[in-house]
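A quick write-up on the structure given underneath.
Laboratory data are not the source of any read-out in this text; all were calculated from the coordinates shown. In this text the structure is predicted, and so the values were computed from the model without any measurement. Glycine also receives a Cβ, built like all others from the backbone with ideal geometry; neighbour counts cover every protein chain displayed.
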Amino acid sequence: MKTFSFTMRMLGVSLVLAGFMGFAHAEFPGREEKAPADMTLDDVKKISLQVDKFIADALRKEGKSLIGDSTDEQFVRRVYLNIVGRIPSYDEAVTFLDSDNANKRAELIDTLLNSPGYQSDMFNFWADILRAIHRPGPNSQTNAISYLNYVKRSIAENKPYDKWVAEMITASGGGWERSSGGAVGYLERDKGMPLDNLANTMQIFTGTRMECAQCHNHPHNEEIEQKDFFQMAAFTHGLKGPKERSYGNMQERRMYENAPQDVRNFVRQLRYDIFDFGVVGGGDGVIPLPDDYQYRDADPNEIVGARTMFGKSVRNARAKPIDDGRERFTEWLTTPENPRFTKVIANRLWKKVMGRGLFEPVDQLDMDVSVSHPSLLVFLEKLMVDLKYDMNAYQRILYNTRTFQFQPNPEEHTGSNYHFAGRVLSRMTAEQIWDSMLATTMPDVDERRGSHYLPFIQHRGRYVMVGKKDMYDLYEEAMNLEGRALYDWAAKTLKEFNGDGGVRAGEAMSMSMMDSGSAKGPMADDKRWAGYSSDLLRASELPSPARASHFLRKFGQSARQVIEGSTKESDVTQILSLINGHVEDYIVGSSNAVIYQDMEKAATPEEKIEVAFLTVLTRRPTDEEMQLFKSNVDTVGQGAYDDLVWTLYNTNEFMFVQ
Amino acid sequence: MKLVRRLTPSLFLLCLAALWMAAPHARGAIDFKSRILPVFEKKCFDCHGAPREEGGEVKSPRAGLRLDSAKGILRGGEGGAVISPGSPDDSVLFQMVSQRSSHDDFMPKEGDGLGPLEKLYLKKWIAEGAVFDGWIGNEEGLGDASAAPSGSKAKDAGAPGEGAQVAMVPKKTPETTPVPAMKDPPRAMKGTPATVNFQREVLPFLKRSCVDCHRAPYEEGGRVKKPKAGLRFDAARAIIQGSGEGPVLVPGDPDESEMLARVSLPEDDDDFMPPDGDATPLSAAEKEVLKRWIAEGADFGGWVGNEEGLIERLPEAPTSSEPSAAELLAKQVKGASAQDLAAVTATGASITQVAVGNPLLRVEYITGESAVTDADVAKIGAIAGNVTELDLSETGVSDEGLAMLSGFDKLTYLDLHNTAITDVTIDHIQKLGYLEYLNLYGTSVSDASLPKIAKLRKLKAVYLWKTSVTEEGAGKLRQALRDAKISF
Amino acid sequence: MFKKQDELSRRTFMADTARKCLGVSVLPMFASKGIAATGGAANFAPMRPKAAKSVIFLNMSGGMSHLDTFDPKEKKDVMGPNTAIATNADGVRLSQYLPKLAGHADKIAVINSMTTRQGAHRQGQYILHRSYAPRGTIVHPVMGSWVMRLSGKRNSTIPGFVMVGTRDGTSTSGYLGPKFAAVPIGDPHSGIEDSHLPSGVSEDDFDRRLKLAEAMNTRFKKQFDHKKVQGYENLYRDAIQLMKAEDLKAFDINEEPSDVAAEYGESRFGQGCLLARRLIEHDVRYVEVTYGSWDTHYDNFTNVEEKCVVLDEALSALLADLDRRGLLESTVVALGTEFGRTPKIVEHHQMGRDHYPKAFSHIIAGGGIKGGQTYGETDSKGMEVENNPVTPQMFNATIAYALGLPLEQEIYSPSGRPFTISDKAKPVTALF
């Protein structure tokens, strides 16, 4: 508390937030504590105002005038796209636009932040950063589902960011062990490439690029040397899979060779999905330098002890193996004193809300990084700490700022630092486009679940033992078996599978016994969605990533091979799919699309045109536009409505978020 | 954070540059006109010059910044001053050109960035106070001199009317052809024979003073030692390649050659090579030899050196010993004029050179082919003397349009497949004595043409699939042109 | 708008096209000034003057047995039921599973000394295409993307890099970005996805819709006169141009005369090769056709023989077809795989063969390559490379060399790391 006020005073920033500060400091004894989530709207607005002040001051200093507030139409579209990752449906748009509640913007923000759509959008956001994918190994069938669900659950629980990160890096055990709950998937993502994993960890969570230092001293960044990299990597060195030890076992090898083909295949699959999937070991704290180490300060293959390269020094100076390297590393990483950890997430979420970071790229915090509003960044960092890394509460404050709600900036911004005078126009992400189209295709799309995240056992392309046994059970049964016992059990279990016969994905949904962490809620065969293709699921319910030829990938969804690999660049194949493909196949050519149903209900051509505009563009048509489409109805007749719907999707206004 | 760091190889030059700045200089100031101005001219003037008219519109200098006059440079742009004399690190101009090229602020926006040596000179020039040494530049449209920030050291920047020089804005003359201008051969190569023998006179002191640190990676005590700054002096190609930061040798131009600049510094300069005590510095006589050798074009006289670890030298084209027809023909022609080329490309043709620096051209229609007509093709006649490869396949040309072919006397390659041509066209072709490749598949050419084709003794390949030619005719042609491949 | 596009004076359009073409096809030569200016005189040979223009890469995914295709041996215990046959070129012997190809051996160069250390499919395919080993921190571009990056499109109205058949989920262009990515074609018969108007939408309908969209966009553009908005509109123009492009027919193999189509065989791979030839003919720069399931751990001989029926027919047809059209000189045809298979036959896997990265075979033809030769040798069992080892990087360098591309030109990834087209490997110039 003291530190906080002191720092703020030093910066000449006054935080007049007694009530807020009351709950914000856990370490302050004897004071009643409120969770960030319980902040009243008044609390929130006061802080939002502080944030706006930084932006306004900077604008004034640059002699730029403040820009006006967005219209309700702009706001509702923007806030839906930003928080739940899709445009509002017709009903949602009209409800908001026609409401005369003076507080309706703040209330909508709160509603959206607590909706399933928020979780869906945040999953897309994190899956891109974490490279969370269904099949990390070429042969794995199911093994990352528990991790994906762990990520979803962490978002749904609004797990504090620092805790969440710590959990992933210190996780131990099998991936399908109920107690570890899939968190090991983070380390598992780079199985067999622990050095890459460390480089990714440093990039994602501290904005430090070390991948070059893996092989040689950093050519651009004189702070980082190869030795630094290995000293960091020493913390997490020495991790193993939960059952790797049985591999070299001769007896088992013989048993494997002698087993019938189907049993052999099954055991091999178990290796990929169960025995290999997981992590044990606490981190050795020591690591040998590579064979080709070429600098003078150490020899190749020399064992070096763990040592942090910035922030508070944590080290294993005597280079003797320890068993809690990961914990030490995590403690150093996630403490608010780490000079980079909080900055990165504060800025990352700022960018998510505001469209541009205070510095970019958000994961490259070089020494010479250029920050557009340095004192605001300090403020946001403190805010994040005071909110105890509650990402939802943090975003709530940002969404309530005027800065978020500004008019779009009519000017094109080039160059690095942005002044935030108006929102930057940007193309929708692949997921936003796909999910927005779904929202105009079927009702309640945020609630529709597919089977891709259920922990079913897959056998010969079907789901078996649904409702009786899932991957967690399989793990418990198989994990402790060795040698003969394993093969006997495998043969028996296979017989069970074959007897069961299995079901296809769609059927499995209705029989599901529910994963503890995900897929609660209505099933795919819910009557609301009768008649809609089972492929029409929100991006977050489709496999991660979608298949290579999928609409999502075409529009730039990341293949989730590299951190934040998604792109908003456009190309001709995208346009073709808008002109001739998806829009035609699922919307214009499909009478049960909600947009058509809503238009159906409208009585006059004018009303129908208005419904279509509100559905696709979240605004009513201008007189001119009304005239344009009206006269098209007059000349073409019924087909004019297809023209209308097609046209609205194929306008720039649909594609760009204002 | 460490206080003292070893220099990483690719930072080597920049860091040295920084140290150089800090060190006292025995040498004179960087000369603006010879060192800095040419760089600005080449890389900056296009966007940061005086307002000019282009296509009916007035183009203002980008960001309001003009680098074509001393006043403009000192005044800066919309964002304020761009140089801070004495302090390169505070100078936006220097910051922008030394950004990573992927950075938003990187300058120049188009074309290549500044070379390491150029950056070095720029930095040094600013550090020395950004003195223009009497240069004024183009003051047109700049208003009055008081606009220059006061207190700058550039006292000689103002003084208008003092025989104001006209800025040397490089004008793009319309005559410039898309055929690449060969870089002028190094001065000394033009006439006087080389006098310095590299192996006898230069190599010995390079070996003595440079190669120890600058040589192919080698193992020592179990460690691989890499060449300092990625620069090697142990192979001719390596010397030409230069360091990780760029070339160190510019044949014909000692002033631009960093390898000479470095050894010529005062010994107490931090940039001086070889660095303190590591090896014997070059003597004055040796420096003179080195300078002469560079000025004469840096002829290695057949010395190759240790090529280990370098990418294998790409061999000459397969036709090794005797020069190809293209090479021979190239000697007979000059580059085509820009207007003629433009007229041909306007018909949709694509024109490429057959090789770098060769005035001979390849003309083809890459798209929209079926609509290309005789009228379009007729335009190619304007550059007939330059065309050695002509691809009119799948176009709408006819015998009539191809009557002009007889003027294409440098033709070695002619593709007419899937066109409406008949035996008539072969009459025009039979005069093309250099022809090596003739593709007629899918045309109605018949046996009647074969005797004429047989006269083209240089032919290496003739394509007659799906024509009116008979098996027998093709057989006869094979007899006549024994070395050619007859595809039937 | 559509009509207008059509009229848009074909002249203007052509001129525009030409400008684009010039931009891409002349520029690469200028781009090499780094080489030409510094040392062209003495030490760097110029790029090949008669460079090939396009590439057809045939990807035998799964690990093609070298012994049962291009590197047959005498020994019974290595060859099982398979034997070698002579060909129309003295320097080349093939497996008996490739009888038709034996009649075209004079056109191909066989490399029997391929070697790598990547023994897993994904890693092997990765390095085969990208010349770098896979890393968790970056995705490297594939050869086709490199070629596009270094030399650009030839035909500006249709895509320059096309991949026929399956591909893994990894971005083809990696850090080079989507501009240089492959356009994927699943079924060779169906062409580019969505490139035709949906049934039920007439040209008139489409025309009307475009006019409406244009009217809507005018308002938006007034409000946001941004480059990216403009760029987006240009893409619409490009897409419509593509739909109308004369050369879109390149993607339609149904236009091929049935006798030609039949030569390639009815298999998907055969038809893919046919499509590749059509595309090359229309100046597409790089076409890859994948032919999978070479992973013959079990029952190697039956499987390879079956696979070879298709390969033999398609490859022979492709080579002959390119040759008689006079296209083989300007087209590199390369056939590669991620690794070979063990000389040891695993009997209890019904005569299977396992992965074998130490020695395997590729072939390369056209584009200035001398046909009828074998380069590099393995020992009598096909176990060890005896001479002239060739890595996947060198193989890629050879393709790049045939195209006249600057092998040493460094391209920086967004994080500032320098890369070259084939990781600085040397081309096998002896093949030319």
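What is the Rg over Rh value, at two decimals, for region C:140-296, using alpha-carbon atoms and the Kirkwood definition of Rh?
Result for region C:140-296 is an Rg/Rh of 1.03.
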> At q = 0.06, 0.08, 0.11 Å⁻¹, what is the log10 ratio I(q)/I(0) for chain C, with the Debye formula run over Cα points and no solvent?
Replying inline: -0.27, -0.48, -0.87
>> Suppose the chain between A:ASP110 and A:ASP299 were pulled fully straight at 0.36 nm per residue; how much longer would it get relative to their current alpha carbon spacing?
In response: 62.3 nm
> What aspartates and glutamates could a cross-link reach from A:LYS45, if we take a straight Cα to Cα line under 15 Å and drop same-chain neighbours fewer than 8 places away?
Replying inline: A:GLU107, A:ASP110
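Hey, what's the Cα Rg ratio for region C:297-343 versus the globular rule of thumb, 2.2 N^0.38 Å?
Output field value: 1.49.
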> Within a Cβ distance under 11 Å of B:ALA343, other residues only, what is the Lys/Arg minus Asp/Glu net charge?
Replying inline: -1
>> Taking amide H atoms as placed 1.01 Å from N in the peptide plane, list the residues 5 or more away in sequence, or in a different chain, whose amide H sits under 5 Å from that of B:SER257.
In response: B:VAL250
> If one takes the longest principal axis of the Cα atoms in chain C, at what angle in degrees, from 0 to 90 and to the nearest 10, does the Cα axis of helix C:268-281 lie?
Replying inline: 50
>> Only sites in a loop by DSSP and with at most 11 other Cβ atoms within 10 Å count here; which trypsin sites (Lys or Arg not before Pro) in region B:416-488 make the cut?
In response: B:ARG457, B:ARG482
>> Just to check I understand the Karplus step: with θ = phi - 60° and J = 6.51 cos²θ - 1.76 cosθ + 1.60, what whole-Hz values come out for region C:129-141, glycine and proline as x?
In response: 8, 10, 6, 10, 6, x, 10, x, 10, 7, 10, 7, x
> Amide H of B:LYS225: which non-local residues (sequence gap of 5 or more, or other chain) have their own amide H closer than 5 Å, using H built in the peptide plane?
Replying inline: B:TYR218, B:GLU219, B:GLU220
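Rounded to the nearest 500, what is the 222 nm mean residue ellipticity of chain C from helices alone, with -39500 (n - 2.57) per DSSP H run of 4+ residues and division by all residues?
When only DSSP H runs of four or more count, the value is -11000 deg cm²/dmol.
Rounded, prolate or oblate: which one fits chain A, using the alpha carbon gyration tensor with axes a ≥ b ≥ c (rounded when a/c is under 1.5, else prolate when a/b beats b/c, else oblate)?
Oblate.
Length gain on complete extension for the stretch A:LYS568 to A:GLN627, per 0.36 nm per residue less the alpha carbon to alpha carbon distance?
Result: 17.9 nm gained on full extension.
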>> If I model a spin label at B:ALA338 and C:ASP354 as a point 7 Å from the Cα along the Cα→Cβ vector, what separation in nanometres do I get?
In response: 6.7
> Which ³J(HN,Hα) values, rounded to whole Hz and listed in residue order, are derived for region C:295-312 from phi using the Karplus coefficients 6.51, -1.76 and 1.60 in 6.51 cos²θ - 1.76 cosθ + 1.60 with θ = phi - 60°, glycine and proline given as x?
Replying inline: 7, 8, 4, 10, 6, 3, 6, 4, 5, 5, 4, 4, 5, 5, 4, 5, 4, 4
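For B:ARG482 and B:LYS379, what does the FRET efficiency come to when R0 = 56 Å and r is the distance between their Cβ atoms, rounded to the nearest 0.05?
It comes out at approximately 0.90.
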>> Please report the net charge: other residues with Cβ closer than 15 Å to the Cβ of C:ASN303, K and R +1, D and E -1.
In response: -4
> Given the options C:THR420, C:THR170, C:THR115, which has the most mean-square fluctuation in a GNM of chain C, springs set between C-alpha atoms less than 10 angstrom apart?
Replying inline: C:THR170
> Out of C:GLY376, C:GLY416, C:GLY340, any idea which swings most in a Gaussian network model of chain C, alpha carbons joined below 10 Å?
Replying inline: C:GLY416
> So, in nm, how far is label B:SER60 from label A:ARG135 when the simple model puts each one 7 Å beyond its Cα toward the Cβ?
Replying inline: 5.8
> Separation of region A:589-639 and region A:277-342 by C-alpha centroid, Å?
Replying inline: 63
> Suppose R0 equals 56 Å; then what is the FRET efficiency for B:ASP212 and A:SER533 from their Cβ-Cβ distance, rounded to the nearest 0.05?
Replying inline: 0.20
> Taking the Cβ of A:GLY174 as the center, what net charge do the other residues with Cβ under 11 Å away carry, scoring Lys and Arg +1 and Asp and Glu -1?
Replying inline: -3
> Under 5 Å between amide H atoms, partner at least 5 residues away or on a different chain: which partners does A:VAL304 have, H built in plane at 1.01 Å?
Replying inline: A:ILE287, A:LEU289
> Let a ≥ b ≥ c be the square roots of the eigenvalues of the Cα gyration tensor of region B:193-295; is it rounded (a/c under 1.5), or, if not, prolate (a/b larger than b/c) or oblate?
Replying inline: prolate
>> Calculate the FRET efficiency for A:LYS468 and C:SER258 from the Cβ-Cβ distance with a Förster distance of 60 Å, rounded to the nearest 0.05.
In response: 0.60
> Each residue of region A:97-107 in turn: what ³J(HN,Hα) in whole Hz from Karplus with 6.51, -1.76, 1.60 and θ = phi - 60°, glycine and Pro shown as x?
Replying inline: 5, 8, 6, 10, 5, 5, 9, 5, 5, 4, 5
> Reachable lysines from A:LYS312, Cα under 24 Å, same-chain residues fewer than 8 places away excluded?
Replying inline: A:LYS2, A:LYS163, A:LYS227, A:LYS320, A:LYS343, A:LYS382, A:LYS388, B:LYS2
>> Can you give me the distance in nm between label points at A:VAL369 and C:THR83, each placed 7 Å from the Cα along the Cα-to-Cβ direction?
In response: 7.1
